[in-house]
Amino acid sequence: MTHDEILQRVRAIVLDRLDVKKDKITETASFLDDLGADSLELTELVLAVEEEFNLKIPDDQIEKLTTVGRVVLFVESCLASSHNS
Amino acid sequence: MKRRVVITGMGVIAPCGIGVPAFWESVREGKSGIKTITILDPAPYPTRFGGEISDFNPLNFFEKVEARRLDRFAQFALVACREAVTGSRIDGGVPKDRIGVVFGSGMGGFSTIEEQHKRLLENGPRRVNPFLIPMMIVNIAAGEIAIRHGFKGPNTSMVSACTTGNHCIGFGLRTIQCGDADAMIVGASEAGITHISLAGFSIMRALSTRNDAPQEASRPFDKGRDGFVLSEGAGALVLEEFETARRRGAPILAEIIGYAANSDAHHITAPCPDGDGARSVMRLALADAGLKPTDIDYINAHGTSTQLNDKAETAALKDVFGEHARQVRISSTKSVHGHLLGAGAAVEAVAAVMAMREGVVPPTINYTNPDPDCDLNYTPNVKAAHPITHAISNAFGFGGHNATVVFKKYF
């Protein structure tokens, strides 16, 4: 899966769960500051990403996933390592 | 002296109509809202019909994301409240820290609990919805109403099975009477047509099983009654201190002049056979209103269509009203909208107020075979023109809870 494909799927997840305009969901957008998510919504997003890409995000990683772009990079690295193994 | 309390707004969502005009027309004309259940597959259950609000589309009332985070019972509560609040024009008319909320439910977010419990068992604890708890708790309806409208006054919920609606009205009434708030949004909501609820009420043989004729299943006081009909929906009232309402030119729909609550202290589900608790609560409510039994023109009975309730309630009515029990107009609008459990008394309050305003007693439909144990004038099958100055509405619930509200026409 390419970076752009992952980005589009993450954007779709965010669009489906947060009350925001599509053009706000950029790679640099912060979930809390730019997209207005609260902590429950953040948890919901994390679970949705896990289901979408069939992976598990460790609790100590969750707090680092502050922007759309960071989630995309995290997914990319997970998918890459699963392909390598 | 107690402060006077009036009703300045009403809202309802029920199986026989969304919105007060549609609801009242069905109730007045005796048009049943009972139908085969479609929101879940009822095939496994002995009862396969109910008072389902089949034409309810949450997206007509909420944004998509918003709708997904509200259990059906909270959606009903917000829909009913929006109508009541809009009609009362209270938003902007009374300071928000003087407006409170008492909104209850018998069961709360049952369907959310069922769905998420299934996910827990099938997918594990990391797959349950983070919004599970705030979606299912009974008090979330009261919380959501305050959040959406900014009402910062006293805010709570009552949970007392089928008495919930009257307890909420009574608590709101007292809150205004004692000066803790100038207005209270009161009511109750229920979305109890779910698997666990159908299974539970069925196994205790509480529900009618008249599957071949759902619209004839809710038949309060009729000899052929065989249980209540499970329904869903919500009713909401805006209660307001009289002078506050008058000063701002609010639409005053009726006055609430009395309330009482007590307990049977008898059995978890069965009423006192001689109607003792019901008798006492009606007497207490009349005393609270300063009225004699002969002052009452209309009784919106609890009338569930179960053998035990209708017989005990009739015995209590005869004791309280004596000879007047045969003159006073009585009806159970549950014959039309079924039993909304916690929300029952809330929608029945709307029916009682509309009956007073129009001088029309709504009928008890499906009344065809008189029962010697239920021999009063239940306004069988067709509405009756009848001037109503004072009306009472009864509610009795599992656990032995009883509550009666007394309404007065506003001239």
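The values are calculated or read from the model by the stated rules, or taken from the named source; none is laboratory data. Computed from a prediction, not measured in an experiment: that's the story for all the values here. Every residue, glycine among them, receives a Cβ derived from its backbone with ideal geometry; neighbour counts consider all protein chains shown. For the accessible areas, the whole protein counts, side chains as well, though only heavy atoms, and no ligand, DNA or RNA atoms are used. Shrake-Rupley method; radii C 1.70, N 1.55, O 1.52, S 1.80 Å.
A few points about this structure:
- Flag for B:Leu121 being hydrophobic (A, V, I, L, M, F, W, C), more than 14 Å from every other protein chain (Cβ to nearest Cβ) and surrounded by 24 or more Cβ atoms within 10 Å (Cβ to Cβ): no
- Of the residues making up the range A:9-23, those that are surrounded by fewer than 19 Cβ atoms within 10 Å (Cβ to Cβ), away from chain B (no Cβ under 13 Å), of a type outside the set (Lys, Arg) and in contact with a helix residue (DSSP H, G or I) (Cβ under 9 Å, 6 or more places away or on another chain) number 1.
- Residue check, A:Glu5 away from every other protein chain (no Cβ under 14 Å), exposed (fewer than 14 other Cβ atoms within 10 Å of the Cβ), within 28 Å of B:Ile133 (Cβ to Cβ) and not basic (Lys, Arg): no
- Scan of the range B:92-118 for residues that are farther than 30 Å from B:Gly397 by Cα and surrounded by 15 or more Cβ atoms within 10 Å (Cβ to Cβ), ordered by number: B:Gly93, B:Val94, B:Lys96, B:Arg98
- Any hit, the range B:179-193, residues being aliphatic (A, V, I, L, M), over 22 Å from B:Glu255 (Cβ atoms) and either within 14 Å of chain A (Cβ to nearest Cβ) or touching a residue at least 24 places away in the same chain (Cβ under 8 Å) (or both): yes
- Restricting the range A:31-52 to residues that are away from chain B (no Cβ under 13 Å) and either surrounded by 15 or more Cβ atoms within 10 Å (Cβ to Cβ) or of a type in the set (Lys, Arg) (or both), the residue that is nearest to A:Ser81 (Cα to Cα): A:Phe31
- Residues of the range B:41-97 that are among the hydrophobic types (A, V, I, L, M, F, W, C), touching a residue at least 24 places away in the same chain (Cβ under 8 Å) and not in a helix (DSSP H, G or I): B:Phe49, B:Ile53, B:Phe56, B:Leu70, B:Ile90, B:Val94.
- One residue stands out among those in the range B:320-370 that are outside any helix (DSSP H, G or I), open to solvent by less than 10 Å² (accessible area, probe 1.4 Å) and among the small types (Gly, Ala, Ser): the one that is nearest to B:Gly19 (Cα to Cα), which is B:Gly338.
- B:Gly258 being buried (at least 20 other Cβ atoms within 10 Å of the Cβ) and at pLDDT below 95: no
- The set of residues from the range B:261-279 being touching a helix residue (DSSP H, G or I) at 6+ places or on another chain (Cβ under 7 Å) and open to solvent by less than 20 Å² (accessible area, probe 1.4 Å) comprises B:Cys272, B:Gly275, B:Ala278.
- Taking the criterion of being surrounded by fewer than 17 Cβ atoms within 10 Å (Cβ to Cβ), in contact (Cβ under 8 Å) with a residue 12 or more places away in the chain and among the aliphatic types (A, V, I, L, M), the residues of the range A:53-85 that qualify are A:Leu55, A:Ile62, A:Leu79.
- Selection from the range B:202-227 of residues that are free of Cβ contacts under 8 Å to residues at least 24 places away in the same chain and either within 21 Å of B:Val347 (Cβ to Cβ) or not in a loop (DSSP other than H, G, I, E, B) (or both): B:Ile203
- Taking the numbered list (1) surrounded by 24 or more Cβ atoms within 10 Å (Cβ to Cβ); (2) within 14 Å of chain A (Cβ to nearest Cβ) in turn, B:Ile133 passes all entries but (1).
- Sub-7 Å Cβ pairs linking a first residue in the range B:296-322 that is under 17 Å from B:Gly338 (Cα atoms) to a second residue that is part of a helix (DSSP H, G or I) and open to solvent by 10 Å² or more (accessible area, probe 1.4 Å), at least 6 apart or interchain, are B:His302/B:Asn309, ordered by first then second residue.
- Criterion violated by B:Asp71 - all others in (1) modelled with pLDDT of 95 or more; (2) open to solvent by 10 Å² or more (accessible area, probe 1.4 Å); (3) out of contact with any Cys (no Cβ under 8 Å at 6 or more places or on another chain) satisfied: (2)
- Counting only residues that are open to solvent by less than 30 Å² (accessible area, probe 1.4 Å), out of contact with any helix residue (DSSP H, G or I) (no Cβ under 7 Å at 6 or more places or on another chain) and either without any contact (Cβ under 8 Å) to a residue 60 or more places away in the chain or not charged (D, E, K, R) (or both), the range B:371-393 holds 3 of them.
- Scanning the range B:174-193 for residues that are out of contact with any Gly (no Cβ under 9 Å at 6 or more places or on another chain) and either open to solvent by less than 10 Å² (accessible area, probe 1.4 Å) or outside any helix (DSSP H, G or I) (or both) turns up B:Cys178, B:Gly179.
- Qualifying residue in the range B:16-36 (condition: surrounded by 16 or more Cβ atoms within 10 Å (Cβ to Cβ), touching a strand residue (DSSP E or B) at 6+ places or on another chain (Cβ under 9 Å), among the aliphatic types (A, V, I, L, M) and assigned to a loop (DSSP other than H, G, I, E, B)): yes
- Among residues that are under 30 Å from B:Val281 (Cα atoms), open to solvent by 20 Å² or more (accessible area, probe 1.4 Å) and among the small types (Gly, Ala, Ser), B:Ala161 is included.
- Being assigned to a loop (DSSP other than H, G, I, E, B), farther than 27 Å from A:Leu40 by Cβ and either away from every other protein chain (no Cβ under 14 Å) or open to solvent by less than 10 Å² (accessible area, probe 1.4 Å) (or both) is not true of B:Ala199.
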